[in-house]
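Here the structure comes first, spelled out in structure tokens, and everything after it is commentary.
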Amino acid sequence: MSTSPSFDIVAAHKYFAAHCFNAAWDLIDKPERTAEDDRMMVVLSQASIYHWLNRPDCEPRRLSVGYWQASRIQALLGNAAEARNHAEVCLQYSIGQDPFLLGYAYEAMARAAKIAGNLSKAAEQVLLAKEQAALVSNKEDGELLQKDLGDLE
């Protein structure tokens, strides 16, 4: 009996990394989520990260985005500690990346601090994110980051 799957494992990881991320995003955007939707959002986000970690083309920027999404989901669910943990990992992967990613890492840190009730820490992180937003070369990306930061003020 062969231990090798009968399908292209690299192609599977490529497919599921994106599919799970996008499916989680659809649930983030869903106006009225059920408890099952909330659980599925978490599972999909973690599955996306898992599949990225198993792709040969995985790079820090992809993990930055994946952990940012995981942090955002935990923030939506009101889980401050989990949101912070994922935001910290996002920040680790964002160091040395472009300002858009670093700005969103600080945005995740701010969001986690805000839901934890640490408004001074949230304000500090928003300022760091705004500094990065000012450096984003793509106007639309910079505006998107600024809009999300505005939601935190």
State whether one or more residues within segment 12-29 are of a type in the set (D, E, K, R), within 29 Å of Leu102 (Cβ to Cβ) and free of Cβ contacts under 8 Å to residues at least 12 places away in the same chain.
-> yes
Pairs, first in contact (Cβ under 8 Å) with a residue 40 or more places away in the chain in segment 109-120, second assigned to a helix (DSSP H, G or I) and among the hydroxyl-bearing types (Ser, Thr, Tyr), C-beta under 8 Å, six or more apart | Arg111/Ser71; Ala112/Ser71
Output yes when any residue across segment 67-83 is crowded, with 18+ Cβ neighbours inside 10 Å and more than 27 Å from Phe16 (Cβ to Cβ), and no when none is.
-> yes
Quick one: in segment 8-50, of everything that is touching a Lys or Arg at 6+ places or on another chain (Cβ under 8 Å) and over 13 Å from Leu77 (Cα atoms), which residue is surrounded by the most Cβ atoms within 10 Å (Cβ to Cβ)?
-> Ala17
Are there any pairs with C-beta distances below 7 angstrom linking a residue in segment 133-153 that is over 19 Å from Lys114 (Cβ atoms) and free of Cβ contacts under 8 Å to residues at least 60 places away in the same chain to a residue that is part of a loop (DSSP other than H, G, I, E, B) and β-branched (Val, Ile, Thr), with the two at least 6 apart or on different chains, and if so which?
-> Gly142/Val136
Among the residues of segment 98-126, which ones are closer than 27 Å to Glu59 by Cα and surrounded by fewer than 17 Cβ atoms within 10 Å (Cβ to Cβ)?
-> Asp98
In segment 28-45, how many residues are more than 20 Å from His86 (Cα to Cα) and charged (D, E, K, R)?
-> 4
For segment 51-66, what are the residues that are closer than 18 Å to Leu102 by Cβ, surrounded by 17 or more Cβ atoms within 10 Å (Cβ to Cβ) and not charged (D, E, K, R)?
-> Leu63, Ser64, Val65, Gly66
Report yes if Asp151 is closer than 18 Å to His19 by Cα and of a type outside the set (A, V, I, L, M, F, W, C), otherwise no.
-> no
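The numbers here are math on the coordinates, done by the rules we state, and not lab data. Every value quoted in this text rests on a predicted model; they were computed, and no experiment measured them. Every residue, glycine among them, receives a Cβ derived from its backbone with ideal geometry; neighbour counts consider all protein chains shown.
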